[in-house]
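K.L.:
Below are the structure tokens for one structure; questions will follow.
The values are calculated or read from the model by the stated rules, or taken from the named source; none is laboratory data. Nothing here was measured: the structure is a model prediction, and the numbers come from that model. Cβ sites come from the backbone with ideal geometry, for glycine too, and all protein chains shown count toward neighbours.
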Amino acid sequence: MVVVMQERATEAQVEAVVAQLLEMGYAIHRSSGANRVVIGAVGGGHGDPALIGVREGVHEVLRISVPYKLASRTFKPENTVITIGDVRIGGDEVVVMAGPCSAENEAQVEASAIAVKRAGAKIFRGGAFKPRSSPYSFQGLGEDGLKMLRASADRHDLKLITEVMEIAQIEIVQQYADILQVGARNMQNYSLLRELGKVRKPVLLKRGLSATIEEWLMSAEYILAGGNREVMLCERGIRTFESYTRNTFDVSAIPVVQQLSHLPVIADPSHGTGRRDKVAAMARAAVAAGCDGLLIEVHCDPDHAQSDGAQSLFPNQFDQLMAELRIIAPAIGRSICVASVARRGWGR
């Protein structure tokens with residue numbers, strides 16, 4: 001349930017409510033909105049909830065019918081905004097995260113960072129640990145890749161997002177990354193999600209290959225329940241009977257999730273389509289649908305990339321896409337960072 005305090009409720013009144021809920025056996029999660037304190041009571045408590053409703057300072061007590069308590073808008077009506085330095089995810093700006101699927105070598109990583117910074121991206125994406133369907137495919141460079149990504153991100157004033165695949169990697173990845181990404185295959189790796197709930201860095205949670213929206217939100221609940229409130233959701237396409245594209249990009253999930261949850265929603269049109277010639281169209285559609293950010297693969301030589309080259313944009317294609325998005329975003333009351341004056345990098 002959710003306990004909404006009165007606007008003028010004192011801290012002593014809030015603490016008294018928290019103490020009684022704890023005594024009743026609930027786990028407590030407190031959220032402060034613009035005018036009120038909201039207390040989420042989660043778990044199998046005992047006693048009569050009506051006793052809470054009559055306490056001093058309490059405005060109302062609400063039952064949450066959905067199973068994802070902390071991710072729901074009942075618990076937190078206002079949008080969650082995740083702040084990383086000067087980057088705000090979930091606010092008025094559509095934040096673009098871009099870069100290669102994998103770090104391959106220093107020259108490739110540096111050229112990619114130059115290209116995405118120039119076009120207006122604020123967050124550099126790149127993998128160092130890669131979950132691949134085949135054990136014979138490129139698996140990433142590990143910590144060496146993390147060092148390359150971090151160094152280039154710092155040189156070009158970019159934040160860094162990269163994937164963590166297992167619990168043992170959390171410690172090392174969070175030393176380098178500003179955002180920890182959970183891939184589609186790990187959306188229901190509950191042991192990993194529980195551990196990420198203890199981390200005090202933002203987590204981007206990708207939708208599973210065949211996951212429903214409720215299952216996706218329940219996975220986010222694992223991280224939130226662990227105490228990490230900086231969670232963002234990433235729509236990256238789902239598996240259907242269609243074979244023309246790599247996945248079926250579910251644009252409708254963006255407004256649906258935003259109605260159900262306060263968490264920022266990021267769109268990944270690269271994995272959503274798996275085709276370079278379809279990425280821009282789906283990115284434009286995602287922004288028009290109201291996404292809070294984009295995750296896009298950009299490579300300076302995608303035809304020779306060691307992973308996901310077919311869905312990676314050339315830098316000049318990314319430049320063009322960013323220019324188009326700057327026309328679309330204002331139509332729905334959003335903005336996108338203007339292009340950088342950084343020197344021209346690679347292109348085609």
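K.L.:
Out of ALA285, ALA305, ALA220, which single residue is at pLDDT 95 or above, in contact with a strand residue (DSSP E or B) (Cβ under 9 Å, 6 or more places away or on another chain) and over 30 Å from SER32 (Cβ atoms)?
P.N.:
Residue meeting the stated conditions: ALA285.
Listed here are the residues, each with its yes/no results for (1) touching a residue at least 40 places away in the same chain (Cβ under 8 Å); (2) outside the structural domain of MET97 (by TED's automatic domain parsing); (3) charged (D, E, K, R).
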residue: LYS117; (1), (2), (3): yes, no, yes
residue: ILE123; (1), (2), (3): yes, no, no
residue: SER152; (1), (2), (3): yes, no, no
residue: ARG155; (1), (2), (3): yes, no, yes
residue: GLU163; (1), (2), (3): no, no, yes
residue: GLU166; (1), (2), (3): no, no, yes
residue: ILE172; (1), (2), (3): no, no, no
residue: ALA177; (1), (2), (3): no, no, no
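K.L.:
Now, a different point. Criterion first (assigned to a helix (DSSP H, G or I) and not aliphatic (A, V, I, L, M)) does GLU242 satisfy it?
P.N.:
So GLU242 fails the test.
K.L.:
Out of the residues in the range 314-328 that are of a type in the set (A, V, I, L, M, F, W, C) and in a helix (DSSP H, G or I), state the one that is surrounded by the most Cβ atoms within 10 Å (Cβ to Cβ).
P.N.:
PHE318
K.L.:
ALA281 passes all but one of (1) surrounded by fewer than 24 Cβ atoms within 10 Å (Cβ to Cβ); (2) part of a helix (DSSP H, G or I); (3) within 19 Å of the chain's Cα centre (by Cα); which number fails?
P.N.:
(3)
K.L.:
To continue, here is another question. Given (1) at pLDDT 95 or above; (2) crowded, with 18+ Cβ neighbours inside 10 Å, identify the lone condition not met by CYS300.
P.N.:
If we test CYS300 against (1) at pLDDT 95 or above; (2) crowded, with 18+ Cβ neighbours inside 10 Å, just (1) comes out false.
K.L.:
Right, next: If I filter the range 192-239 down to residues being small (Gly, Ala, Ser) and in a helix (DSSP H, G or I), which single residue comes out as surrounded by the most Cβ atoms within 10 Å (Cβ to Cβ)?
P.N.:
SER219
Residues checked against (1) of a type in the set (S, T, N, Q); (2) within 26 Å of ASP178 (Cα to Cα):
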| site | (1), (2) |
| --- | --- |
| MET1 | no, no |
| GLU7 | no, no |
| ARG36 | no, no |
| GLY47 | no, no |
| GLY53 | no, no |
| HIS59 | no, no |
| THR74 | yes, no |
| THR83 | yes, yes |
| GLU93 | no, yes |
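K.L.:
List every residue pair whose Cβ atoms sit under 8 Å apart, with the two residues 6 or more apart in sequence or on different chains, where the first one lies in the range 1-22 and is assigned to a strand (DSSP E or B) and the second, anywhere, is small (Gly, Ala, Ser) and at pLDDT 90 or above.
P.N.:
The qualifying pairs are MET5/GLY57.
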